[in-house]
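S.K.: Quick one: the structure is below, questions incoming.
None of the figures in this text is laboratory data; all of them are computed from the coordinates on show. This structure is a prediction, so every number in the text was calculated from the model and none was measured. Cβ placement follows ideal geometry from the backbone for every residue including glycine, while neighbour counts extend to all protein chains displayed.
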Amino acid sequence: MRKLLIGAVVLLILGVAADFAAARMFEDRVTDVLQREYDLGRRPVVQVRDFPFLPHLATGRFSAIDVAATDVRARGVNAARLTLHLRDVRVPREVLLGEPGGVDVGRADGQVELTEAEVNRLLAGRLPGASLTVGRDGVRVRLRTEFLGQPLEAVATGSLGVRGDAIAFMPESVRLGNGVDPAFESQVAPRLTFEVPLPELPAGLRLERVDTRPGTVVVSGQAAAVRVAT
C-alpha cells in the first residue's frame, strides 16, 4: 500500500512537471507571436491562466491568457507598461504544431500606461506652448500663447476623458497671468480644450476610459473578437 501511494505521488509530480513544462513552451510560442503581431520592441511576458494546462492544449481552447510588457515602443507611442487580458482564446492544431495560421480571441481588455513626459510629447504636436502635469489633485495644463496681441500664460485645471480614439482635456477652471482681466477667462478656456489622438491599440482595444495618478496617465479599453496571425 505504501509503495502504491509513493508511486501515485511520483506520477502526480511527473504529471504536474509535464503540465508546467508544456505550459512554458506554449507561452514561449505565444510570446513570439504577440511580439511580432503588436510590433513590440521588447519581449512581453505571457501567462496562461488555465490549469491543468494539457487538457486545454489538447483542445486548443484557453479561457484566459495574460500579456504584460514594459517600456513598450510601438505604433508611434512609447508606453511605460502594457497589460492585455485575452479571453476565450482558440488555437488551431496546425498553429500548435508551429505552422502558419490564426489565433482567435473572443474578447480582450487591457491598459496602456503613459508617462507624463510621453503625453506632453504627443501634446506638443496638437497644442504648441502647452505642458501638462498630472498630480494628486488632478490634471493641470499650462499654456504660453498670445492674447489680444500680448504674451499670455494661462493655467487650467481639469480632467482627462475619452473622445473617440483620443484623450481629451476638459478645463474646469482657468487662471490668467500677466495681469490679464479675469473676465477674459471664458475666451481663453477654449484654447485649453484639446484632444490627443492615439494610434490603434494592441488587440484592437477600443479606448473607453482614462485614469490618472501622479506622473502617469492610464488608458483602458475593450475589444470584441479579434484574430491574431501567426
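S.K.: For the pair Ala58 and Asp165, what calculated FRET efficiency results from E = 1/(1 + (r/R0)^6), where r is the Cβ-Cβ distance and R0 = 45 Å, to the nearest 0.05? List each step's numbers first, then the result.
M.R.: Numbers: r = 40 Å, r/R0 = 0.88.
Efficiency at R0 = 45 Å is approximately 0.70.
S.K.: In addition: Just how large is the dipole of region 105-223 about the Cα centre, in debye to the nearest 20, putting +1 at every Lys and Arg Cβ and -1 at every Asp and Glu Cβ? Don't jump to the answer; show the numbers that get you there.
M.R.: On the way: 13 positive and 15 negative charges, 12 e Å.
Here region 105-223 has a charge dipole of around 60 debye.
S.K.: For Arg29 and Ser173 in the same chain, what is the full-extension length gain: residue separation times 0.36 nm, less their Cα-Cα distance, in nm? Spell out each step's value before the answer.
M.R.: Working: separation 144, 0.36 × 144 = 51.84 nm, distance 5.11 nm.
Going from the current span to full extension adds 46.7 nm.
S.K.: Where does each of Phe147, Phe194 land when they are ranked from fewest to most other beta-carbon atoms within 10 angstrom?
M.R.: So the residues, fewest neighbours to most, are Phe147, Phe194.
S.K.: Another one. Taking 30 Å as R0, compute the FRET efficiency from the Cβ-Cβ separation of Ala224 and Thr133 and round it to 0.05.
M.R.: Details: r = 36 Å, r/R0 = 1.19.
After rounding to 0.05, the efficiency reads 0.25.
S.K.: Which value in nm describes the separation of the simple spin-label points at Arg126 and Asp211, placed 7 Å from the Cα toward the beta carbon?
M.R.: 2.1
S.K.: Using the beta-carbon distance between Arg42 and Glu118 and R0 = 22 Å, what value does 1/(1 + (r/R0)^6) give for FRET efficiency, to the nearest 0.05? Please list the in-between numbers first.
M.R.: Values: r = 16 Å, r/R0 = 0.71.
For Arg42 and Glu118, the calculated efficiency is 0.90.
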